[in-house]
């Protein structure tokens, strides 16, 4: 009742102005956490700037202790204090920063696996952190380093085996965690390259397909079209085999040339398209030859020779198909002029009787 009476006294124009101010002014709900060697950690601005109570003081003391240890090169002690902050005071303004500092130290020590996992914990717990994009960038750098062959170090000392599969896992995690960040398209492109390098062509095609469909206006999309066409082309075994991959490659080469006519990869696309059309046309000729020579099915042979000409009309294969088509037409005219005599119906034989003596 009191609130209602107060609202009645406020002019409507003033009330709407106040409401607009609350809704649209980008005020900071979270404070800025600043560190300086002179003052240590302190909070500036935002609704959460005033931290009081024993928990706030204890969290601040631990953060300052951790940063002092970090600056002095005592990384183990620093990580221990930062970890205490994140566990004991998860709702404090310091918790996200504490996890970030642990991940940063792990990354510096080349403990890539642990660093990535710590960063992921931070992103999951504090998705509204102002360091979100920065952390995604660090995760991308870790994945890229592993992809390039860098070794994770056990305890920050002993190098382990190269693990490019782990890099592919991390690229996919980045795409799921931050699908609309600048690093998601880069991660998909690197993942597709990695899948192809380890012989997982279907996974490479899937990554490129997601790239094309999710980010159609990205600067990397033209390259994705070209790469997916080339990947399909790499699966083609020749004109004597199934041509599904050949047709897919032709489709993506043509889409690339239509959508990105001025792109730098146009020469490569034209060469690739010509190669795929040659394979597909030759497969049609191979089928036609089979029906002509071994089945004497001249109508089927004519269909396939015509399809070969349609696929690649200005090619040498098309010229060969036209010559063979002339032979087929002559055979069909000959059959039409001299049709084969109808076979006489076979009379059913009488069943034999078995005589018993």
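The values are calculated or read from the model by the stated rules, or taken from the named source; none is laboratory data. Computed from a predicted structure; not experimentally measured. Note that we place each Cβ from the backbone using ideal geometry, even for glycine, and neighbour counts take in every protein chain shown.
Screening residue 173 against (1) in a helix (DSSP H, G or I); (2) surrounded by fewer than 22 Cβ atoms within 10 Å (Cβ to Cβ); (3) free of Cβ contacts under 8 Å to residues at least 24 places away in the same chain leaves a single unmet condition, (3).
When residue 240 is tested against the conditions (1) surrounded by fewer than 22 Cβ atoms within 10 Å (Cβ to Cβ); (2) not in a loop (DSSP other than H, G, I, E, B), the lone failure is (2).
Here residue 159 fulfils each of the conditions (1) within 28 Å of residue 234 (Cβ to Cβ); (2) surrounded by fewer than 19 Cβ atoms within 10 Å (Cβ to Cβ) apart from (1).
Okay, residues lined up against (1) surrounded by 15 or more Cβ atoms within 10 Å (Cβ to Cβ); (2) modelled with pLDDT of 75 or more; (3) touching a strand residue (DSSP E or B) at 6+ places or on another chain (Cβ under 6 Å):
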| site | (1), (2), (3) |
| --- | --- |
| 38 | no, no, no |
| 54 | no, yes, no |
| 57 | no, yes, no |
| 64 | yes, yes, yes |
| 70 | yes, yes, no |
| 82 | yes, yes, no |
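Of all residues in segment 55-108, those satisfying the criterion of being over 20 Å from residue 131 (Cβ atoms), in contact with a helix residue (DSSP H, G or I) (Cβ under 9 Å, 6 or more places away or on another chain) and not in a helix (DSSP H, G or I) are 72, 74.
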